[in-house]
1. Note down all Cβ pairs under 8 Å where the first residue falls in segment 36-52 and is under 12 Å from residue 201 (Cα atoms), the second is of a type in the set (Gly, Ala, Ser) and in a helix (DSSP H, G or I), and they're at least six residues apart or on different chains.
2. Considering every residue within segment 270-281, establish whether at least one is open to solvent by less than 50 Å² (accessible area, probe 1.4 Å) and closer than 28 Å to residue 11 by Cα.
3. Residues of segment 221-261 being outside any strand (DSSP E or B), in contact with a helix residue (DSSP H, G or I) (Cβ under 9 Å, 6 or more places away or on another chain), more than 13 Å from residue 193 (Cβ to Cβ) and not basic (Lys, Arg), which ones?
4. Considering segment 164-174 alone, what residues qualify as being of a type outside the set (Phe, Trp, Tyr), in contact with a strand residue (DSSP E or B) (Cβ under 9 Å, 6 or more places away or on another chain) and either crowded, with 24+ Cβ neighbours inside 10 Å or assigned to a strand (DSSP E or B) (or both)?
5. Do we have any residue at all in segment 24-32 that's buried (at least 19 other Cβ atoms within 10 Å of the Cβ), under 24 Å from residue 190 (Cα atoms) and touching a residue at least 40 places away in the same chain (Cβ under 8 Å)?
6. Name the single residue, out of those in segment 181-191 being part of a loop (DSSP other than H, G, I, E, B) and within 16 Å of residue 60 (Cβ to Cβ), that is least open to solvent (accessible area, probe 1.4 Å).
7. Looking at (1) under 17 Å from the mean Cα position of the chain (by Cα); (2) within 28 Å of residue 6 (Cα to Cα); (3) in a loop (DSSP other than H, G, I, E, B), which is the only condition residue 201 fails?
8. Every residue in segment 280-325 that is under 21 Å from residue 336 (Cα atoms), within 16 Å of the ligand (Cβ to nearest atom) and in a loop (DSSP other than H, G, I, E, B), please.
Amino acid sequence: MEFRDLKRQYSYLKDEMDASMQKVLADANFIQGKQVAELEKALADYTGMKHCVACANGTDALQLALMAWQIGPGDAVFVPDFTFFSSGEVVSAVGAAPVFVDVDADTFNIDCASLAHMIEKTEAEGKWTPKAVVTVDLFGQPAEYEKIRLIAEKYHLLILEDAAQGFGGRIGEKRACSFGDIATTSFFPAKPLGCYGDGGAVFTDNDEWAELLKSYRVHGKGSSKYDNIRIGMNSRLDTLQAAVLLTKFPVFAKEELEREQEIAACYTEHLKDFVKTPVVRDGFYSSWAQYTIQLEDREERNGLQSYLKEQGIPSAVYYQKPMHRQQAFANMSYEDTEYPVTNRLSEIVLSLPFHPYMKEEEIALVADAIKQYVSR
Ligand SMILES: *Cc1c(COP(=O)(O)O)cnc(C)c1O
């Protein structure tokens, strides 16, 4: 069994996929071919955003947003403590200070009380100026934007929505990548909408920021690539990856997301009396980047993971280490007691095999092994 079976997905799409990749090879328009603009238009329409700017990966997408906002030394950016490293890495990369915030034990997303507390604490210390909050739509579920928006308005913060795992999720009819002042996503192969390499995109309704993003994406270009008016990056999406995404996108939107809802419901039905299953808030829809259960303690989690491995069932721990404990931030002197929920989650979470091409027998096999282990 595979954790996320990309081969099965390819075999389902093969004829169409091969044709669209062959077309790029035949046209040899490898950089900024017309498929890139076509994809940007399709994704902007889908998310309801005015601009989509494709780029090289989800990490660059976040960094481009911070660059467009001119966030740098002296600024504080608030980031959930329980997330992939990129969400905080980019803040340090532009010279600003990442201030980590604890998360909600049910949704794994940023905890609004902890956010307000950390903003006030930062203001009181007076070392950095609060500028923005990176909200992460973790494991596919959008963060609580209604509450976050109120806090952002109160403290004059910009919202950067990191929807690397959230693309395809929504709150009511409003889709992920439309909640932030700028939003980003990743097309890393294992994300909800993945390509066949690295890829990413930035979304915004703001014309001025969109122009800046397009400039920073190509060496800070002015009127052309050889007229350089600011220091930027080289962060384009390959035409080949755009072609892959254009082929996958309709299937993702029409079939895969639906199928993932069924798979999550099936897992939950099997497991809800045995372990803590994922909580999706009323009116929220997850794109199920991960299906993550919680065990009693570290010993039970690690024991279950070993047991599953013996049965040939892969699983993963997202995330082993809270951000504030990463060595890369050792110079920052975070207080461990600010992060009780993240500290505990890192000991008890386990993500299960999950993808839209999973069969019912496979879900039952995983669920049965978990039931056996926890009832031992
Ligand atoms: C994967 C991921 C990223 C980074 O995306 P890449 O395309 O791998 O650079 C950023 N944030 C989160 C939450 C992610 O899961």
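The values are calculated or read from the model by the stated rules, or taken from the named source; none is laboratory data. Keep in mind that what you see is a predicted model, and the values were worked out from it rather than measured. Cβ sites come from the backbone with ideal geometry, for glycine too, and all protein chains shown count toward neighbours. All accessible areas refer to the heavy atoms of the entire protein, side chains included, with ligands and DNA or RNA removed. Shrake-Rupley method; radii C 1.70, N 1.55, O 1.52, S 1.80 Å.
1. Close Cβ pairs (under 8 Å, with a partner that is of a type in the set (Gly, Ala, Ser) and in a helix (DSSP H, G or I)) amount to 36/242; 39/242; 51/44; 51/210; 52/44.
2. Looking for residues that are open to solvent by less than 50 Å² (accessible area, probe 1.4 Å) and closer than 28 Å to residue 11 by Cα, one finds none in segment 270-281, hence no.
3. Once the filter is applied, which keeps residues that are outside any strand (DSSP E or B), in contact with a helix residue (DSSP H, G or I) (Cβ under 9 Å, 6 or more places away or on another chain), more than 13 Å from residue 193 (Cβ to Cβ) and not basic (Lys, Arg), segment 221-261 yields 222, 229, 231, 232, 233, 235, 239, 240, 243.
4. Kept after step one, since they are of a type outside the set (Phe, Trp, Tyr), are these residues of segment 164-174: 164-166, 168-174.
Filter once more, keeping what is in contact with a strand residue (DSSP E or B) (Cβ under 9 Å, 6 or more places away or on another chain): 164-166, 168-172.
Answer for segment 164-174, where residues must be of a type outside the set (Phe, Trp, Tyr), in contact with a strand residue (DSSP E or B) (Cβ under 9 Å, 6 or more places away or on another chain) and either crowded, with 24+ Cβ neighbours inside 10 Å or assigned to a strand (DSSP E or B) (or both): 164, 165, 166, 168, 169, 170, 171.
5. Taking segment 24-32 first, the residues buried (at least 19 other Cβ atoms within 10 Å of the Cβ) are 24.
With under 24 Å from residue 190 (Cα atoms) added as a condition, the list becomes 24.
Subset that is touching a residue at least 40 places away in the same chain (Cβ under 8 Å): 24.
Within segment 24-32 (the criterion being buried (at least 19 other Cβ atoms within 10 Å of the Cβ), under 24 Å from residue 190 (Cα atoms) and touching a residue at least 40 places away in the same chain (Cβ under 8 Å)), the answer is yes, since at least one residue qualifies.
6. Residues of segment 181-191 that are part of a loop (DSSP other than H, G, I, E, B), as a first pass: 181, 187-191.
Still in the running and within 16 Å of residue 60 (Cβ to Cβ): 187-188, 191.
Details: 187: 1, 188: 100, 191: 40 Å².
For segment 181-191, the residue satisfying everything is 187.
7. Answer for residue 201: the failing condition is (3).
8. If the condition is that a residue be under 21 Å from residue 336 (Cα atoms), within 16 Å of the ligand (Cβ to nearest atom) and in a loop (DSSP other than H, G, I, E, B), then 317, 318, 319, 320, 321, 322 are the ones that fit.
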